[in-house]
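The values are calculated or read from the model by the stated rules, or taken from the named source; none is laboratory data. All values derive from a computational prediction rather than experimental measurement. Every residue, glycine among them, receives a Cβ derived from its backbone with ideal geometry; neighbour counts consider all protein chains shown.
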Amino acid sequence: MSAATQQFVSEVRSRRESQIPPEFRLTAAQVSSVGDYDVITFLNTKAGLSARELQITNSPSATELAKKIATQEYTSLEVTKAFCHRASLVQQLCNAVTEMFFDEAYARAKYCDDYLAKNGKTLGPLHGVPVSIKEEMDIVGKLTTWGFTAWARDGPAKSNAAVVDIILDAGGVLYVKTNVPQSLMTWESTNVLWGSVLNPNNRKLGSGGSSGGEGCLIAARGSLLGIGSDIGGSVRLPSSITGIYTIKPSSFRFAYNRSRIFHQGLPLIFPVNGPMAVSIDDLELYCKIQCTGNGGLARKLDPNVVPIPWSPLTFNRKLKLGYFVDNGFCAPVAPTANGIEAAVEALRRAGHEVVPFPSVVDTTAVFEMALETFNGYTDVLRDIIYKQGDEGLCKAMRPNPNVDPLAGGPTPSMTAERVWNAVDVRETAKTVYLDKFTEMGLDAVLSPTLGIPSCEHDESAGLFAAISYTVTWNVLDMTAGVVPCHTVSDPTGEDAPKALGRAFRHPGEEAVHLAYSKNPSVFKNSKVGLQVLGLHHDEERIIAVMRVIDSVLKTQPEIYGQTRLATSLHKSTYLRHSTVNRITIIHSTVFLVKQFEAQTLMPFAIKDVPSMEGKNVIITGANVGLGYVTALEIARKGGNVFMACRSESKANEAIAKIKAEVPNAKVEFMKLDLQDLKQVKGSAEAWLAKGLPLHVLVNNAGIMANPFALTKDGIESQFGTNHVGHFVLTQTLLPRIIESQPSRIVVLTSSAHAMAPQPDGIPFDKISDEKAYTPWGNYGISKLSNMLFARTLAEKLKDEKVFCNSVHPGVVRTELMRGPYEVYGSFLKVLMFFMRPLMFLPVEKGVLTQLYLAVSPDIETKNYRGQFFEPTAKLSKPYTAFGTDDVLAQKLWDYTQKLVDEKLAA
């Protein structure tokens with residue numbers, strides 16, 4: 001690149017930087033303080049966003065925002081300013097944006113507000129909602145460069161792309177264009193004009209491509225809904241890589257034309273545009289707008305659009321899904337395979353039928369056909385790169401020995417005969433896929449989206465084999481969506497590289513595996529997306545399937561081990577455990593009536609939480625339910641809260657919610673997997689190394705009545721999670737708790753401790769025996785163990801000012817019913833539909849008893865030790881004699897200590 005071109009690039013980037021308002025700028029010190037894994041946490045805590053801006057930008061969906069703007073809970077102008085602010089911050093940290101036109105966006109937002117006030121109705125379904133858009137799409141007065149300096153010299157666009165007019169017609173507010181790869185033909189968003197996009201989850205990695213700027217901006221919530229395009233995976237790859245949602249439609253379902261492209265002749269693989277978003281609701285909203293908006297505006301703008309109105313679909317039955325993990329061309333690396341297999345297991349446990357999908361499509365032939373097709377555009381690209389200016393290639397576009405589809409590789413130009421042969425490959429593959437899909441009676445097929453979670457910067461050129469999972473479905477022109485399914489939290493543990501046990505199929509596959517295995521730790525916090533595949537023009541069904549899958553994945557227990565057993569429930573489960581079920585029903589009914597009466601007795605309320613300034617509090621399972629509200633209320637009163645959770649991403653989402661409500665909250669994430677005892681001990685020791693006092697430990701996390709499974713240490717999952725994991729955590733932290741006295745230990749038990757089986761209460765020799773397992777019986781064992789552990793520990797601490805008690809919070813509307821739903825299915829769901837609103841405590845009331853034990857001065861003044869409390873803040877007696885059996889309690893302590901010593905020594 002010549003000095004003149006370098007100067008031109010510098011001028012373009014300077015103009016972009018000048019578009020950031022001074023009040024949105026970060027200082028150099030702020031930028032340098034942000035760690036590679038901490039972008040989103042920084043945005044939610046230290047970037048200068050107001051509480052109102054955090055509330056807006058952390059909204060659950062653009063669809064929800066549209067409703068709040070329509071009801072005037074928010075104005076479009078304040079929403080637009082919030083997203084302009086956050087997008088500016090993301091740009092300064094991750095380089096996601098090419099142009100920012102905030103003044104125009106503010107004017108448009110004000111117009112939306114004025115229109116609503118004057119007319120009492122909205123402009124359309126996107127009224128006042130900020131929408132980001134890929135740089136490829138023409139907007140009047142804005143550059144469309146595709147990362148080429150030559151195109152930047154051509155100046156701004158003179159007309160709008162069809163998709164731009166459709167968004168505006170629906171009431172949307174455009175405010176940024178987002179970064180892309182040079183030519184849009186690589187899967188890493190980097191170019192010589194705008195620079196490289198960084199991944200907000202881990203800036204050592206890229207955000208994918210070609211809609212990588214969109215993926216980055218949406219993952220960091222600088223946008224909730226954006227529009228990308230896809231000819232080889234370009235909305236799916238960045239969505240998988242950054243952990244968001246997308247759908248790639250079939251060709252000609254959505255308007256795509258009226259924008260600059262480098263060649264109209266794309267007869268073999270058709271480009272499409274598609275939404276990328278934080279929720280499936282937003283995907284469907286965009287689909288509806290494209291297919292039905294304004295009497296079919298899309299068809300009026302694009303002559304190729306097929307006039308198929310949007311027809312929403314829902315499933316009132318279990319799904320039948322096919323799946324494959326390896327496409328026969330490039331086996332995925334360990335974390336990708338783990339994510340897909342865990343999703344399949346979760347769906348099976350939820351009652352859906354998931355069966356292997358055979359390799360009927362010759363992926364090698366299809367992928368090679370795609371590369372030949374892309375290579376057919378080489379002459380056009382050369383014209384742009386060399387003839388129109390002193391362009392230069394970014395590294396991702398340079399020749400690579402593994403695959404070279406763009407930059408002058410050995411594949412000859414596409415002759416008419418080669419085109420005919422390529423069409424034959426495509427049509428044959430489409431037919432065999434359709435036949436097998438139909439023969440098996442499937443609703444969708446599940447697969448990886450990408451053979452590797454992401455790639456390091458400037459490494460994508462040699463890893464083209466990894467994108468064979470997306471390109472195939474562009475060639476076949478089938479609908480495909482992406483649902484987030486996995487976060488690489490431990491790339492040297494569960495997600496460590498694994499040998500294939502065979503020779504690599506080709507250098508491309510070897511390159512993908514080497515890219516991960518040479519330094520797996522660099523992939524920490526990267527994301528994996530599950531690809532959901534359908535048929536041609538199958539958008540409604542894929543959206544509906546994605547909703548079901550997303551619901552299942554979100555409602556799986558937050559704490560689980562990769563070594564859990566995938567067990568099938570026999571039809572006789574209910575009959576085999578009929579005695580336990582009768583006890584369960586009788587016990588639950590009596591307690592629910594008792595709990596209903598107790599709601600009128602409120603000796604302790606949220607307002608009674610005292611100041612917690614200077615107090616350090618660890619809460620396990622604090623990202624949802626009772627743990628979350630406990631963390632929120634203690635943080636509200638100035639406490640320093642450490643959220644001990646398995647999932648960092650879910651914890652960070654919870655932290656963001658707390659910060660939105662309590663801007664000065666002091667809340668931190670603490671990694672904790674209660675099903676991995678060595679990790680528990682290591683995590684506790686890492687916390688101790690901080691040198692802080694510990695005033696309160698709340699052992700809150702737990703799972704309930706799930707199908708049989710084992711922890712990583714080979715312990716039955718309920719006993720291991722609810723009791724043994726907390727035993728190790730408490731034991732490791734105990735010296736610091738004693739040093740920090742007066743201090744508290746709160747252990748969550750349950751009324752279900754009464755379900756522990758007769759005659760032993762805790763059958764130590766059968767705890768992890770699958771044949772002896774019953775979901776509720778073993779849950780009762782774990783909850784009785786919690787109670788006895790608190791009782792024994794209190795006795796051991798009787799000479800210290802450490803107050804340890806157990807608490808039954810009540811039967812509360814939390815996510816704990818996930819396990820029972822898996823076991824008992826639709827009957828229980830129907831029953832709970834009627835019972836939960838009437839008899840279950842809301843979380844805000846259910847949390848009161850554990851909050852009371854954690855913070856109330858009563859605990860010390862009344863010297864409560866080893867006691868059992870029930871709602872609300874009421875001292876009670878255990879519901880079974882086992883609960884006061886000190887011989888059984890000591891036997892449990894000795895058994896657990898021996899078990900822990902063995903597992904930690906292994």
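Among the residues of segment 1-54, the ones that are outside any loop (DSSP other than H, G, I, E, B), among the acidic types (Asp, Glu) and surrounded by fewer than 17 Cβ atoms within 10 Å (Cβ to Cβ) come to 3 in all. The residues on offer are Val483, Val528, and the sole one that is β-branched (Val, Ile, Thr), surrounded by 19 or more Cβ atoms within 10 Å (Cβ to Cβ) and within 18 Å of Glu284 (Cβ to Cβ) is Val483. Before we move on, is Tyr111 without any contact (Cβ under 8 Å) to a residue 40 or more places away in the chain and either among the hydrophobic types (A, V, I, L, M, F, W, C) or buried (at least 17 other Cβ atoms within 10 Å of the Cβ) (or both)? For Tyr111, the condition - without any contact (Cβ under 8 Å) to a residue 40 or more places away in the chain and either among the hydrophobic types (A, V, I, L, M, F, W, C) or buried (at least 17 other Cβ atoms within 10 Å of the Cβ) (or both) - is not met. When residues in segment 868-890 are screened for being crowded, with 16+ Cβ neighbours inside 10 Å, within 25 Å of Ala684 (Cβ to Cβ) and not aliphatic (A, V, I, L, M), 0 of them pass. With respect to the conditions (1) within 21 Å of Asn201 (Cα to Cα); (2) surrounded by 20 or more Cβ atoms within 10 Å (Cβ to Cβ); (3) under 19 Å from the mean Cα position of the chain (by Cα), Pro60 falls short on a single one, namely (2).
Within segment 617-639, the only residue that satisfies the criterion of being of a type in the set (A, V, I, L, M), closer than 25 Å to Gly691 by Cβ and either surrounded by fewer than 23 Cβ atoms within 10 Å (Cβ to Cβ) or under 20 Å from the mean Cα position of the chain (by Cα) (or both) is Ala622. Of all residues in segment 159-172, those that are over 11 Å from Leu301 (Cβ atoms) have Cβ atoms under 7 Å from Cβ atoms of residues that are assigned to a helix (DSSP H, G or I) and among the aliphatic types (A, V, I, L, M), 6 or more apart or on another chain, in Ala170/Ile289. A count restricted to segment 486-505 and to residues that are in a loop (DSSP other than H, G, I, E, B), β-branched (Val, Ile, Thr) and surrounded by 15 or more Cβ atoms within 10 Å (Cβ to Cβ) stands at 1. So is Phe642 in contact with a helix residue (DSSP H, G or I) (Cβ under 8 Å, 6 or more places away or on another chain), among the aromatic types (Phe, Trp, Tyr) and surrounded by fewer than 21 Cβ atoms within 10 Å (Cβ to Cβ) or not? Spelling it out, it is not the case that Phe642 is in contact with a helix residue (DSSP H, G or I) (Cβ under 8 Å, 6 or more places away or on another chain), among the aromatic types (Phe, Trp, Tyr) and surrounded by fewer than 21 Cβ atoms within 10 Å (Cβ to Cβ). Comparison of Ala654, Ala644, Ala631 shows that the only residue that is at pLDDT 95 or above and in a strand (DSSP E or B) is Ala644.
Scanning segment 691-726 for residues that are crowded, with 24+ Cβ neighbours inside 10 Å and assigned to a helix (DSSP H, G or I) yields a count of 9.
If the requirement is being of a type outside the set (Lys, Arg), more than 17 Å from Ser132 (Cβ to Cβ) and in the same structural domain as Lys121 (by TED's automatic domain parsing), which of these qualifies: Glu53, Glu17?
Glu17
Residues that are among the hydrophobic types (A, V, I, L, M, F, W, C) and surrounded by fewer than 18 Cβ atoms within 10 Å (Cβ to Cβ) within segment 275-309 comprise Val306, Ile308, listed in sequence order. Residue check, Phe252 against (1) under 20 Å from Trp473 (Cα atoms); (2) under 28 Å from the mean Cα position of the chain (by Cα), all met but one. Which one? Just one mismatch for Phe252, condition (2). Taking the criterion of being among the basic types (Lys, Arg) and at pLDDT 95 or above, would at least one residue in segment 830-853 satisfy it? Checked segment 830-853: no residue is among the basic types (Lys, Arg) and at pLDDT 95 or above.
Taken as a whole, the condition of being closer than 23 Å to Ala515 by Cβ and touching a strand residue (DSSP E or B) at 6+ places or on another chain (Cβ under 9 Å) applies to Gly243.
Examine segment 76-89 for a residue that is without any contact (Cβ under 8 Å) to a residue 60 or more places away in the chain and over 30 Å from Lys666 (Cα atoms), and state whether such a residue exists. Looking for residues that are without any contact (Cβ under 8 Å) to a residue 60 or more places away in the chain and over 30 Å from Lys666 (Cα atoms), one finds at least one in segment 76-89, hence yes.
Residue count for segment 863-882 under the criterion of being among the basic types (Lys, Arg) and outside any strand (DSSP E or B): the result is 2. If you go through segment 175-202 and keep only what is at pLDDT 95 or above, surrounded by fewer than 22 Cβ atoms within 10 Å (Cβ to Cβ) and not hydroxyl-bearing (Ser, Thr, Tyr), you end up with just Gly195. Using the structure shown, decide if His695 is touching a strand residue (DSSP E or B) at 6+ places or on another chain (Cβ under 8 Å) and modelled with pLDDT of 95 or more. Considered against the rule, which asks whether it is touching a strand residue (DSSP E or B) at 6+ places or on another chain (Cβ under 8 Å) and modelled with pLDDT of 95 or more, His695 comes out as yes.
The single condition among (1) among the acidic types (Asp, Glu); (2) more than 20 Å from the chain's Cα centre (by Cα); (3) surrounded by fewer than 23 Cβ atoms within 10 Å (Cβ to Cβ) that Asp676 does not meet is (3).
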